[in-house]
Amino acid sequence: MQVILQPCPSRSCRPCLVHAHSHRFPRHDLAFFLPNKYSFRSLRSNNVRKVTVVLRIEKDSAKTDAPSENKLGSENGSTLKTMNGRSVPLDSASVDSFPGSKSAGAVVNVAQNGTSIQYVADNRSTTSIEVDAVTEAELKENGFRSTRRTKLICTIGPASCEFHQLEALASGGMNVARINMCHGTREWHREVIRNIRKLNEERGYAVAIMMDTEGSEIHMGDLGGAPSARAEDGEIWTFTVRSFEGSNPPDRTIHVNYEGFTEDVRVGDELMVDGGMVRFEVTEKIGPDVMCKCIDPGLLLPRANLTFWRDGHVVRERNAMLPTISSKDWLDIDFGISEKVDFIAISFVKSADVIKHLKSYLAARSLEGSIQVIAKIESSDSLKHLEDIIRVSDGAMVARGDLGAQILLEQVPSVQQEIVNLCRQLNKPVIVASQLLESMIEYPTPTRAEVSDVSEAVKQQADALMLSGESAMGLYPEKALSVLRTASLRIEKWKRQSKRFQDMQLFQISESNMERISEEICNSAAQMGNSLEVDAIFVYTRHGDMASFLSRCRPVCPIFAFTPSANVRRLLNLRWGLIPFRLDFTDDMESNLNRTFALLKARGMVKPGDLVIAVSDMLQSIQVMKIP
Ligand SMILES: Nc1ncnc2c1ncn2[C@@H]1O[C@H](COP(=O)(O)OP(=O)(O)O)[C@@H](O)[C@H]1O
Ligand SMILES: C=C(OP(=O)(O)O)C(=O)O
Ligand SMILES: [K+]
Ligand SMILES: [Mg+2]
């Protein structure tokens, strides 16, 4: 691999920052030049093995278009000019693999005598601290007050599945990647999961993986492989339960996956595709075929969802009897377990029982806690049992796409707010999903209304926002993510500056005494943090419980969550305001704190004088301290 170093073209970077380019990094990789050590540290490539460093030596401007290139080793006496004017002689060629390559904070030392380049890898088990490269860069550049609190999820599809596309999303702030088992083969999903794991291992990210089940609501077939089909006003289409077994269905014929469809539907019913993107009226039933007249023309997409409405209500008779987790879903869940996904999102949850069932299935495999179950609130049934469902789940998703097809559209915003508030009360992470930036599937800029919708979810302090088609199959996945990121940052900052953090009265949720102590410590720590205006709250957490209590309080400052578990670190990535670090710590808080301060100071992530509050689930205390 080749890395080209050049002074950072961005004025916002510190003088010691250089940008490294290479064919393996399609975009910029930040490298920190450490002038006193004549070394650089790549922020992204924690797992670089063989490196040939190519220097672009520039006179004094960072903007030279065609800088000269010197290959290390081939030309003795090359120098790297840092932006603060120092010249460093270099003439070594390559770097061998180094032990502990998984460690973050690998340092490439470029010896001043020009004879060697060597990696100095941090000792992972005892002295290293792992945080993702984007967060680290953000902390260094902007200080921790301005780190993003709202987490971002991208659905991965054909527009985002390649390694370099996933990497671009990770560096653009993707905290969780979602794979939707409605689409694609298991092999396809396996490849995506492996690419994300590779990204995490090689580049130091902690992108969590969420697998979303298909569920067994009614949907259309796959249009015989066509990407879409257009239905025009007045056209008669046939919806049928006949199977076409690999052959293409005739023109204007759509397969429906639900056996009971022809029996349940009645002449005069309204058939809604994708929550109303296209609408038909049922005109006639002939055996397995239902003839329908198009009354709202539009584009039909493969496997689009179908709902049918009668007298202003969605009809749920037999489809309510379909199992929430179908036999295909169970196979997908087994696949998710074997691929060690972090979250399983269950579509069309109707009651708490199905979540309990899945959780006991996971528990029997000793996976409870390490795979978290997210209940998707997207059916009118789920609203009737909302609190019960959320109580037994590890989190919830406001899945507005299907929800908007099952309840009146104008009810969706208030239902969203209620679910977000309820999840916060019950200390469960909540995701706002679907159509946040729908127009960006086709256009490079969002509509004003979409930005307002995103901002509203951020104001509600949802834990996470999710992209669907925008990142899965749209033309501008990275731009859409960047809109989410910048809009979140802007609204969060505005809310802090205008002190609009309305204090929701949180009721006590802990059941055991021990838990109650933790909850109270976190409530008090968050409150103290706000009134003392501390720079950050540090939490040392083995299972993430203390960290989630803190996140629930939505404090003004960010929360640094230190955990020895890589799995917990990924899970915490879904929670509002948490910056998860992987760190091995002991029961001795004094030494944990000193070590953390030293490690963070060395990496420029905190500075002496920063005021922090520290809590842990070992000491059950609150400490307020200035970083020495
Ligand atoms: N794994 C995949 N393979 C192919 N296409 C996908 C995949 N995931 C998502 N898509 C495309 O992106 C669109 C939006 O994704 P999503 O919202 O997750 O699905 P849906 O539209 O079925 O609810 C899908 O309709 C589909 O066209
Ligand atoms: C997120 C949703 O589910 P899916 O994309 O799987 O239909 C939704 O319906 O909003
Ligand atoms: K799904
Ligand atoms: Mg849905």
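The values are calculated or read from the model by the stated rules, or taken from the named source; none is laboratory data. What you are looking at is a predicted structure, and each value in this text was computed from that prediction instead of being measured. All Cβ positions, glycine included, derive from the backbone under ideal geometry; neighbour counts span all protein chains shown. When the accessible area is computed, the model is the full protein with side chains, heavy atoms only, and any ligands, DNA or RNA have been set aside. Shrake-Rupley method; radii C 1.70, N 1.55, O 1.52, S 1.80 Å.
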TODO: Any chance you could run the full-extension gain for M504 through H313? It's 0.36 nm times the residue separation minus the Cα-Cα distance, nm to one decimal.
DONE: 65.3 nm
- [ ] Report the calculated FRET efficiency for I236 and E442 (r = Cβ-Cβ distance, R0 = 30 Å), to the nearest 0.05.
- [x] 0.55
Task: Cut-off under 5 Å, modelled amide H: who pairs with S347 long-range - done: T213, G215
TODO: Could I have the simple spin-label model distance between R365 and T486, label points 7 Å from Cα toward Cβ, reported in nm to one decimal?
DONE: 4.2
Open item on the list: Looking at the range 444-567, I'd like the Rg to Rh ratio, where Rg is from alpha-carbon atoms and Rh is Kirkwood's inverse mean 1/r.
Closed with: 1.04
- [ ] Give the Rg/Rh ratio for the range 223-321, taking Rg as the radius of gyration of the Cα atoms and Rh as the Kirkwood radius, to two decimals.
- [x] 0.92
Task: Net charge over other residues, Cβ less than 10 angstrom from the Cβ of L301 (K, R count +1; D, E count -1) - done: -1
Open item on the list: Just to check I understand the Karplus step: with θ = phi - 60° and J = 6.51 cos²θ - 1.76 cosθ + 1.60, what whole-Hz values come out for the range 537-549, glycine and proline as x?
Closed with: 10, 9, 10, 9, 9, 7, 10, x, 5, 4, 4, 6, 4
Task: Cross-link pairs K151/K384; K376/K493; K359/K428 - those with Cα-Cα distance over 21 Å - done: K151/K384; K376/K493
TODO: For L300, list long-range residues whose amide hydrogen, built 1.01 Å from N in the peptide plane, is under 5 Å from its own amide hydrogen.
DONE: A229, R230, A231
Open item on the list: Leaving out ligands, DNA and RNA, and with a 1.4 Å probe, what % of the accessible surface on the range 223-321 is carbon or sulfur?
Closed with: 47
Open item on the list: Please list, in order along the range 363-377, the HN-Hα scalar couplings obtained from phi with the Karplus expression 6.51 cos²θ - 1.76 cosθ + 1.60 (θ = phi - 60°), rounded to whole Hz, x for Gly and Pro.
Closed with: 4, 5, 9, 6, 10, 5, x, 7, 10, 9, 9, 9, 8, 8, 8
Open item on the list: Quick check: convex hull of the Cα atoms in the range 185-265, volume per residue, rounded to a whole Å³?
Closed with: 148
Open item on the list: Give me a comma-separated list of calculated 3J(HN,Hα) values for the range 413-427, in order, Karplus coefficients 6.51, -1.76, 1.60 applied at θ = phi - 60°, integers in Hz, x for any Gly or Pro.
Closed with: x, 6, 4, 4, 4, 5, 5, 4, 5, 4, 4, 5, 4, 8, 6
Task: Distance from the range 570-589 to the range 442-474 (C-alpha centre basis), Å - done: 27
Open item on the list: How far apart, in nanometres, would the label points at K328 and D588 be if each is projected 7 angstrom from Cα along the Cα-to-Cβ direction?
Closed with: 5.7
Task: the range 376-429 versus the range 475-546: alpha-carbon centroid distance in Å - done: 21
Task: Spin-label model distance (nm) - H543 vs R266, 7 Å beyond Cα toward Cβ - done: 5.2
Open item on the list: For V314, what residues show an amide H to amide H distance below 5 Å, using hydrogens built from the backbone and excluding near sequence neighbours?
Closed with: none
